[in-house]
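Everything below concerns the one structure shown next.
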């Protein structure tokens, strides 16, 4: 395994090699460092959490170290992003593009179309992908179409601005977090998704008062939780079975409504309470048995999803009594850790 310092040096060399061998010339745009600064102004961007990307100049691939996400550009400049271990992918709406790079920051590699729009895919630690669209000015398109590679058997479900592709048992195969867009001053720009078969279109309604560049994204993710497990131990002085769930980077994006305000947060919480529960049950085995063992487990799950925003790790203990009074009573004090059926 190449150590990080050597890997970054090799990556920079590879970027130069790839840029001179397979990339088409980019049109005039600022250097990639301002692109990084532009993304940093959008709090929804996962720029700080993104994993470094590596470039193989021989085969023309950009990938995460574990190959969970692979980006390929063909000779025509068409760019595919393959979430290789899950038969899921998304195609960038670029053709005859110029590949860009950010020396010293190998996690930020981007492509530019002929009109100056830049696409910067960022890979989460769990192997999801957020595609940041950097729109240079008001002459740019307002619609951006991304073709998805999703199994034919999947069914589409829309939940408060998020879209989920479900398998035969209702499990989430992949999903798209609620749309967001920000202008150069950090102000939200109205945006939404439209789904046409397996094509996702992001519509960005910037106006004459919008400051450019505008940044927007579709975020393609696989799992709301990066880990779901069961264990037995002493919690709060009691020996008990516990189901633990930890949100993924994409799960956080959905949970917080991708930063699109209070309405977005409420929508994200609702998604976790419904689709998150389905995902947890799909784990099967002991996890499923414990979740269905008593009413309190579902109540605790809902409490974490709807009433405890900010908690990235959820712990559901079987010793907690079933609530006869709704869990929202006293939630600010019991914080989903009640000890009685009708009080705190």
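All of the numbers you see were taken from the coordinates with simple rules; none came from a lab. Only a predicted model underlies this, so the values are computations on that prediction, with no experimental measurement involved. Cβ atoms come from the backbone with ideal geometry, glycine included; neighbour counts cover every protein chain shown.
Under the √(5λ) rule applied to the eigenvalues of the Cα gyration tensor, what semi-axes describe the equivalent ellipsoid of the stretch 204-248? Give them in Å, descending. Before the final figure, lay out the partial values.
Working: eigenvalues 420, 32, 7 Å².
For the stretch 204-248, the semi-axes come out at 46, 13, 6 Å.
Taking 7 Å steps out from each Cα toward its Cβ at residue 155 and residue 286 produces label points 3.2 nm apart.
Enter the per residue convex hull volume of the stretch 225-334, computed from alpha-carbon coordinates, in Å³ rounded to the nearest integer. Mind dumping the intermediate values first?
Numbers: hull volume 10.8 nm³, N = 110.
Convex hull volume per residue, Cα atoms: 99 Å³.
Take the alpha-carbon centre of the stretch 154-233, take the same for the stretch 290-306, and report the distance between them in whole Å. Result: 26 Å between the Cα centres. Take each peptide in 51-58, 39-46, 210-217, count the other Cβ atoms within 10 Å of every residue, and average; sorted highest first, the result is 210-217, 39-46, 51-58.
Quick check for you: which residues of the stretch 288-330 have the amide N under 16 Å from the point 7 Å beyond the Cα of residue 340 toward its beta carbon? Label zone hits: 320-330.
Hey, what's the Cα Rg ratio for the stretch 150-189 versus the globular rule of thumb, 2.2 N^0.38 Å? Relative to the rule-of-thumb radius for its length, the stretch 150-189 sits at 1.57.
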